[in-house]
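Chemist: Have a look at the structure that comes next, please.
Bear in mind that the values in this text are calculations on the coordinates, not laboratory data. Source: prediction; values computed, not measured. Here the Cβ positions follow ideal geometry from the backbone for every residue, glycine too, while neighbour counts run over all protein chains shown.
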Amino acid sequence: MTGTVMRMDGCGRSCVAWLRRHAVRPRREDEGSATLVGAALVVAAAVLIGVLAAAGNIVLRQSQARTAADMAALGAASALWRGDGTPCAVAAWLSDANAGNLQRCDVDGDDVSVSVHVPTDVPFVDHVTADARAGPRPCAN
């Protein structure tokens, strides 16, 4: 070997010609298969991104629904304890302020239970729902 060029003694043009004749060439039925595989990978990536975006939106809306339900329940329980207005009206106002829709409001003694749903941007999941309950904590004797 001299320098960076490797010499093949005894093999010149005849070796190159032999390699060209016996080289593995793609068969006619395989032509264009890389294009099909590439297109399938692009479609698979697009579907994966869509599924991840939908799952992210659902998780975000669940968190938003829990926050709206907690705020509505706490506000309604506070209004019940203070005697300010009707607790369910306060719960409806607070759930609307937190981008939710009050579905149910039950007053049971000093406790208030609410159910709030928040719409999603996902076609197959219209909305997510969260429930919350608030009231005074019983004192231990």
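Chemist: What is region 27-141 by shape, rounded, prolate or oblate, if you read a ≥ b ≥ c off the alpha carbon gyration tensor as root eigenvalues and call it rounded for a/c under 1.5, prolate for a/b larger than b/c, and oblate otherwise? Don't skip to the end; give the middle numbers.
Modeler: Values: a/c = 6.08, a/b = 4.00, b/c = 1.52.
Since a/c reaches 1.5 and a/b is larger than b/c, the shape of region 27-141 is classed as prolate.
Chemist: Spelling out what I want: for every residue of region 62-75, take phi, set θ = phi - 60°, compute 6.51 cos²θ - 1.76 cosθ + 1.60 (Karplus), and round to whole Hz; glycine and proline get x.
Modeler: Values, residue by residue: 5, 5, 5, 5, 4, 5, 5, 5, 4, 5, 5, 5, 5, x Hz.
Chemist: If you count, for each residue, the other Cβ atoms within 10 Å and average over each peptide, how do 52-64, 35-47, 96-108, 72-84 line up from highest to lowest?
Modeler: Top of the packing list down: 72-84, 96-108, 52-64, 35-47.
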